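The structure appears right after this line, and notes come after that.
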Amino acid sequence: MKSQKAEKELYDGSWKVEVGFEDEEFDLPYYAVRVDVAQYAIEIAEKEAEERIRAKAIEEHRKRCFFRNFRNDECANTATKCGEHDCFYMDEFIQKLNEK
């Protein structure tokens, strides 16, 4: 699991089942988790996945910016290092990422 927080939440919210009933289809022992704990862990994992994708998208946009000078990683528009200034294009891109 990529989300360490979600995995910890599942682990903390689970308990080991070692005694079964007749005709039970599961191998023993197994771990059980409450539904609300599982749903919370899923929300955590989704949020972390969105954050990772957002960070990758911003980095890819930065790599492909038409103002970026690849030789010295400077913005041709402002003559500062890429990411060190308030960039209209980056701000617009992030605003579009935040829209749902």
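Once the Cβ-Cβ distance between GLU50 and ASP12 is put in as r, and R0 is 22 Å, what FRET efficiency do you end up with, to the nearest 0.05? With R0 = 22 Å, the Cβ-Cβ based efficiency is 0.45. Between ASP73 and ILE42, full extension at 0.36 nm per residue minus the direct alpha carbon distance yields a gain of 7.3 nm. Compared with the alpha-carbon gap, the fully stretched path from VAL35 to LYS2 is longer by 9.8 nm at 0.36 nm per residue.
In the structure shown, the pairs LYS56/LYS81; LYS8/LYS96; LYS47/LYS96; LYS8/LYS63 are assessed against 25 Å; a Cα-Cα span above that value is assigned to LYS8/LYS96; LYS8/LYS63.
Just so you know, all these numbers are worked out from the coordinates, no wet-lab data involved. Because the structure is a prediction, the values reported are computed rather than measured. We place every Cβ from the backbone using ideal geometry, glycine too, and count neighbours over all the protein chains shown.
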